[in-house]
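Contents: one structure, followed by commentary.
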Amino acid sequence: MKILANEKERSVKQLYDLTRNPETMKMRDHAGEVIEVADWLIYQDVNNDGKETTILSIITPEGEIFGTNSATFMREFAAIVDMCHQCGTEINAVKISEGTSKSGRTFHRQQQGQQWQ
């Protein structure tokens, strides 16, 4: 496992929760929901097929963990984090939205969360 982007130092338990927790929920299963962001991590790991994959993992203040390997979602999330840094704040919520690509595939992205101002 290789950490690509993160905001802070964390304990072994926090790192485990963000990268290995079997209770991690797929973001695509929560389209339309707003999730609060307590912590997040983008990392690379090897999947079950032996291929290297990049994953975004978000943990809520309540300890729920959401993960995605969607390049669109990660690209938009990174852009939002960058905008937050430029404004001197941190990302605190995202809304998971669903879209359809030109080829007809469903993809997920985030939009401004309710707590963003």
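The values are calculated or read from the model by the stated rules, or taken from the named source; none is laboratory data. Since the model is a prediction, treat every value here as computed from it, not as a measurement. All Cβ positions, glycine included, derive from the backbone under ideal geometry; neighbour counts span all protein chains shown. Quick note on the areas: whole protein, heavy atoms, side chains included, nothing else; ligands and nucleic acids left out. Shrake-Rupley method; radii C 1.70, N 1.55, O 1.52, S 1.80 Å.
Ignoring ligands, DNA and RNA, what percent of the accessible area of segment 17-89 is carbon or sulfur (1.4 Å)? Summing carbon and sulfur atoms, their accessible area is 44 percent of the total for segment 17-89. At a probe radius of 1.4 angstrom, the accessible area of segment 1-83 per residue rounds to 59 square angstrom.
Summarising the label geometry, the points placed 7 Å from Cα in the beta-carbon direction at A78 and R20 lie 2.6 nm from one another.
For K13 and V34, the FRET efficiency from 1/(1 + (r/R0)^6), where r spans their Cβ atoms and R0 equals 25 Å, is about 0.45.
Between D39 and I59, the built amide H atoms are under 5 Å apart, and every one of these is 5 or more places off in sequence or on another chain.
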